[in-house]
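Chemist: Got a structure for you, questions after.
Derivation of every value follows stated rules applied to the coordinates shown; laboratory data play no part. On a predicted model such as this, the values are computed, not experimentally measured, just so you know. All Cβ positions, even for glycine, are placed from backbone atoms using ideal geometry, and neighbour counts span all protein chains on display.
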Amino acid sequence: MSTAAALTPDEVRALPAMVGSKHAFAALAIGETTGYALIESGEFPIQVIRFGRTFRFRKADLLAFLGLSETAAAEVQSPAAPQNDGAPEVQSGAPSEQSAPTSASK
């Protein structure tokens with residue numbers, strides 16, 4: 001059996017909510033032979049969900065095991081507040097401008 005390339009943290013975050021064996025093994029940077037051996041011995045590091053002959057794994061379990069958050073660190077940090085560019089500020093509760101009603105009668 002072949003060994004898939006290990007997934008980066010961003011690739012793991014981009015996985016669907018439930019992943020198959022190959023993606024789970026790649027997220028954990030283990031080969032298929034080792035992955036299936038761990039499943040069969042009951043030593044796989046996260047919960048294994050069996051559907052007939054296939055196995056599924058929760059992405060949330062993978063993220064937790066790998067110590068990753070659901071969102072990347074860059075997405076969590078909010079950008080710095082923009083500096084005042086000289087534009088007037090709108091105050092809440094201040095009256096707003098309304099256009100005068102027009103009549104289209106002849």
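Chemist: Let me check the size of the range 13-65 from its C-alpha atoms; what are the radius of gyration and Dmax in Å?
Modeler: 10.0, 29
Chemist: Here's a follow-up. How far, in nm, would the chain grow between ASP61 and ILE49 when pulled straight, counting 0.36 nm per residue and subtracting the alpha carbon separation? Walk me through the intermediate numbers first.
Modeler: On the way: separation 12, 0.36 × 12 = 4.32 nm, distance 1.15 nm.
Residue separation times 0.36 nm, minus the Cα-Cα distance, leaves 3.2 nm.
Chemist: Which cross-chain or sequence-distant (5 or more) residues have an amide H under 5 Å from the amide H of MET18, H modelled 1.01 Å from N in plane?
Modeler: The list, which skips near neighbours in sequence, is LYS59.
Chemist: Pop the C-beta distance of THR34 and GLU70 into the FRET formula with R0 = 30 Å and round what comes out to the nearest 0.05. If you can, show how the numbers build up before the last one.
Modeler: Numbers: r = 27 Å, r/R0 = 0.89.
According to the calculation, E is roughly 0.65.
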